[in-house]
1. Just checking, which of 294, 303, 271 is in the same structural domain as residue 202 (by TED's automatic domain parsing), β-branched (Val, Ile, Thr), surrounded by fewer than 22 Cβ atoms within 10 Å (Cβ to Cβ) and at pLDDT 90 or above?
2. Condition check: in contact with an Asp or Glu (Cβ under 8 Å, 6 or more places away or on another chain), of a type outside the set (A, V, I, L, M), more than 30 Å from residue 58 (Cα to Cα) and surrounded by fewer than 17 Cβ atoms within 10 Å (Cβ to Cβ). Does residue 135 satisfy that?
3. Kindly provide the set of residues from the range 242-255 that are of a type outside the set (A, V, I, L, M) and either in a loop (DSSP other than H, G, I, E, B) or under 23 Å from the mean Cα position of the chain (by Cα) (or both), ordered by number.
4. Please go through the range 164-185 and give me each residue that is part of a helix (DSSP H, G or I), over 18 Å from the mean Cα position of the chain (by Cα) and over 24 Å from residue 118 (Cα atoms), ordered by number.
5. Between a residue in the range 63-92 that is loosely packed, with under 15 Cβ neighbours inside 10 Å and any residue that is assigned to a loop (DSSP other than H, G, I, E, B) and at pLDDT below 90, which pairs come within a Cβ distance under 7 Å, given they are 6 or more apart or on different chains?
6. Considering each residue of the range 190-225, count those that are in contact (Cβ under 8 Å) with a residue 40 or more places away in the chain and in a strand (DSSP E or B), and give that number.
7. Hey, can you tell me all the residues within the range 304-327 that are part of a helix (DSSP H, G or I) and more than 15 Å from residue 288 (Cα to Cα)?
8. Among (1) surrounded by 19 or more Cβ atoms within 10 Å (Cβ to Cβ); (2) in contact (Cβ under 8 Å) with a residue 24 or more places away in the chain; (3) in contact with a helix residue (DSSP H, G or I) (Cβ under 7 Å, 6 or more places away or on another chain), where does residue 19 come up short?
Amino acid sequence: MAQRLRVLLLIPHLGGGGAEQVTALLARGLSRDKYEVHLGLVTRSNAASVPLPPWVTVHNLSASRVRSGAFRLLRLVRRLKPDVILSGMAHLNFLVLMLRPFFPKSTRVLVRQNGTVSSALADGQVSRYTRLLYRLLYRRADRVICQSRAMAVDMAGELELGAQQIAVLPNPIDFAGIRAAKNGPDRWTGPGPHLLAVGRLSREKGFDLLLQAFVCVQHQFPHADLLIAGAGAEEASLKAQCRSLGLERAVNFAGHLEQPYACFPGATLFVLSSRHEGMPNSLLEAAAAGLPIVALPSSGGVVDLLRHRPSAWLATEISAAALADSLDSALQVLHPRQQFVHTRS
């Protein structure tokens, strides 16, 4: 049998968002006959909460934060001497590429970009040094992986990377789990319509815009409810906004769900309210399940995926008003399984 390639997948931790989910799916899906799979968790270990096959070796670096794990990560790489490293989030990518000169020369380094670079830099939520780090460090990668062609074109323009250095690979998704969940129990109560949104509770995910838009939805559909699956730093402010808008009874903050597609049965539609995105797994999962989708045009990849797709409504701009208009357009015609009754106030 041919010698297996030793692969080191790196992520700050498991659980949480789409990047973590992608890494877990890769760890489970890479062939044990072709690859010796190692998974490095830089900041904390919660591997027990995510099912992994026994042939995946987990390395817990237990650093207090990503940048504090530099020496531990370097020791791990020099000990394992992996053939390939795949890093899965931008701030970890920076650290890995900073350390690249100290890695074994035969180790190839791939980094996965989990957002559209131009939108992330324009959002004002990153430091002024981030653009410089992108430009200086991403050149050290053997390949930069983007989830869509639009992301790749954007990155090439922003960072002046050659096309040969960028690869377009769509995110993997758990088709088996989605198919199984599609026939699972309906977790929703009440007449609806039932709106589902999934993502980290952070500004770029636009849940504040969704709450504003949902006020308009309730004017037209008084029994509408909204479930937001996710955790993050904006949870307190979003819940305060929810109270100020009088939506406490209609909005459920469900926290982080390992398998948000368990909420698909009975959902009327999936909402993507992000200000900017790459290609979110939650959107791909909803599309794979055949859920109707309402989305803001948060990236070229999202627009390309949903444009001309049946049962998909793309808002005209990134705003609460545009999202409300698209939600109203969708709900005027959606009556899946007669799960809700359209009543006007």
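1. 303
2. Answer is yes for this residue.
3. Residues of the range 242-255 of a type outside the set (A, V, I, L, M): 242-244, 246, 248-249, 252-253, 255.
Of everything in the range 242-255, those that are of a type outside the set (A, V, I, L, M) and either in a loop (DSSP other than H, G, I, E, B) or under 23 Å from the mean Cα position of the chain (by Cα) (or both) turn out to be 246, 248, 249, 252, 253, 255.
4. 176, 179, 180, 181, 182, listed by residue number.
5. 65/43
6. Count: 5.
7. From the range 304-327, those part of a helix (DSSP H, G or I) are 304-306, 320-327; that's our starting set.
304, 320, 321, 322, 323, 324, 325, 326, 327 - these are the residues of the range 304-327 that are part of a helix (DSSP H, G or I) and more than 15 Å from residue 288 (Cα to Cα).
8. Only one criterion in (1) surrounded by 19 or more Cβ atoms within 10 Å (Cβ to Cβ); (2) in contact (Cβ under 8 Å) with a residue 24 or more places away in the chain; (3) in contact with a helix residue (DSSP H, G or I) (Cβ under 7 Å, 6 or more places away or on another chain) is unmet by residue 19, namely (3).
The values are calculated or read from the model by the stated rules, or taken from the named source; none is laboratory data. Since the structure is predicted, the reported quantities are computational estimates derived from the model, not experimental observations. So basically every Cβ, Gly included, is an ideal-geometry build from the backbone, and we count neighbours across all protein chains shown.
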